[in-house]
Amino acid sequence: MIELLWNDPINEPQMSKYLSALRVKDGNRVVDFGCGCGELIIRLCECSDIVATGIDSSQPHLAEARRRAARRINGAQIQFVEANAAEFTVDESPIDIAICMGSSHAFGLGPDSFANALSKIIPMLAPGGQILIGEGYMKQPASPEYRAMLGDSSPDSMTHARNVQTAKQLGLIPLAAWTSSEEEWDDFEWGYQQIVEHNAAEDPNNQTAADRLSARREWMDAYLRWGRDTLGYGIYLLKNPA
Ligand SMILES: C[S@@+](CC[C@H](N)C(=O)[O-])C[C@H]1O[C@@H](n2cnc3c(N)ncnc32)[C@H](O)[C@@H]1O
């Protein structure tokens with residue numbers, strides 16, 4: 001969603017904390033897989049003299065990312081690439097910091113999308129390199145109705161502890177793991193809701209906006225009935241052994 005700063009249930013102070021925890025250094029090569037509107041990687045560029053790449057498959061999101069970057073940072077610091085994250089490979093220097101917030105599905109959908117995303121990123125990481133990845137987890141098993149909406153993503157076994165375990169099994173060292181609060185989730189879901197409601201109201205003859213609103217209202221019902229108590233969001237800071 002282009003109107004939001006970022007597309008994760010994370011508030012401003014928490015996001016600042018996660019980005020600070022990366023301890024980015026000048027000269028680091030940073031790649032954001034599924035960067036959306038680029039806010040996170042632009043913020044890292046604002047703090048350090050990094051070599052940054054944001055990858056996303058959505059043209060509108062990349063256009064917004066480029067617009068934000070042009071206003072705030074030196075354009076030579078960053079490139080935004082329209083590509084399928086799953087097909088991205090590093091050319092010369094390995095990645096010091098990989099970001100993948102809410103975008104593991106860019107490496108393939110399904111029950112193993114988290115492990116799959118990590119497995120694809122790890123070979124591109126420098127020794128001692130880090131990954132900041134945001135991923136869903138299950139607070140409790142999904143009701144049959146909610147499972148029908150989720151499909152095979154976020155299986156019931158995918159708890160917060162299991163996500164950390166998955167990273168360890170792939171050889172990564174967990175440095176930190178956090179979870180989004182109910183307030184952050186409510187801000188995120190209702191923030192979306194407001195935008196979609198306003199857009200539809202402002203353009204009543206726009207069928208796309210109307211369809212989006214009806215899908216969004218259905219999603220909000222599901223969020224209130226089941227999602228709020230069932231689906232969590234974990235943020236994992238992981239290190240490649242040196
Ligand atoms: C939930 S959004 C997260 C965006 C951003 N990481 C953030 O935190 O705001 C997921 C993003 O993944 C992108 N995406 C989905 N499939 C992709 C793919 N195969 N390759 C690259 N990006 C993809 C979408 O366009 C979208 O911008």
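So, counting K/R as plus one and D/E as minus one, what does the shell of residues with Cβ under 12 Å around Ser48 add up to?
On the way: positive: Arg23, Lys25, Arg29, Arg43; negative: Asp26, Glu46, Asp49, Asp96.
Here the charged neighbours net out to 0.
The stretch 1-133: Rg/Rh from Cα coordinates, Kirkwood Rh? Provide the component values of the computation, followed by the final result.
On the way: Rg = 13.6 Å, Rh = 14.7 Å.
Computed over Cα atoms, the ratio is 0.92.
Taking 25 Å as R0, compute the FRET efficiency from the Cβ-Cβ separation of Asn84 and Leu4 and round it to 0.05. All intermediate terms of the calculation are to be shown ahead of the outcome.
On the way: r = 23 Å, r/R0 = 0.93.
After rounding, the FRET efficiency stands at 0.60.
Using 0.36 nm per residue of separation minus the Cα-Cα distance, give me the extension gain between Ala210 and Gln193 in nm, one decimal.
Between Ala210 and Gln193, full extension yields an extra 4.8 nm.
Return the percentage of antiparallel bridges among DSSP beta bridges fully within the chain, rounded to the nearest 5 %. Can you show the working numbers first?
Numbers: 15 of 34 bridges.
Restricted to the chain, the bridges split so that about 45 percent are antiparallel.
If we count every other residue with Cβ under 9 angstrom of Asn199's Cβ, Lys/Arg +1 and Asp/Glu -1, where does the sum land? Before the final figure, lay out the partial values.
Working: positive: Arg212; negative: Glu3, Glu197, Glu202, Asp203.
My count for the surroundings of Asn199 gives -3.
Would you mind getting me the FRET efficiency between Asp229 and Met149? Use the beta-carbon distance for r and R0 = 22 Å, nearest 0.05. Don't skip to the end; give the middle numbers.
Details: r = 14 Å, r/R0 = 0.64.
Rounded to the nearest 0.05, the efficiency is 0.95.
What is the distance in Å between the Cα centroid of the stretch 78-115 and that of the stretch 179-242?
Between the Cα centres of the stretch 78-115 and the stretch 179-242 lies a distance of 23 Å.
Kindly state, to the nearest 0.05, the FRET efficiency for Glu182 paired with Arg72, given R0 = 51 Å and r defined as their beta-carbon distance. Don't jump to the answer; show the numbers that get you there.
Details: r = 32 Å, r/R0 = 0.62.
So, using R0 = 51 Å, E works out to roughly 0.95.
Could you tell me whether the chain comes out rounded, prolate or oblate from its Cα gyration tensor? Rule is a ≥ b ≥ c as square roots of the eigenvalues, rounded for a/c under 1.5, then prolate if a/b exceeds b/c, otherwise oblate. Display every interim value, and only then the final one.
Details: a/c = 1.87, a/b = 1.22, b/c = 1.53.
The shape class here is oblate.
Read the figures in this text as sums done on the coordinates, not as results from a lab. Everything numeric here is computed off the predicted structure, so don't read it as measured data. Note that each Cβ is placed from the backbone with ideal geometry, even for glycine, and that neighbours are counted across all protein chains shown.
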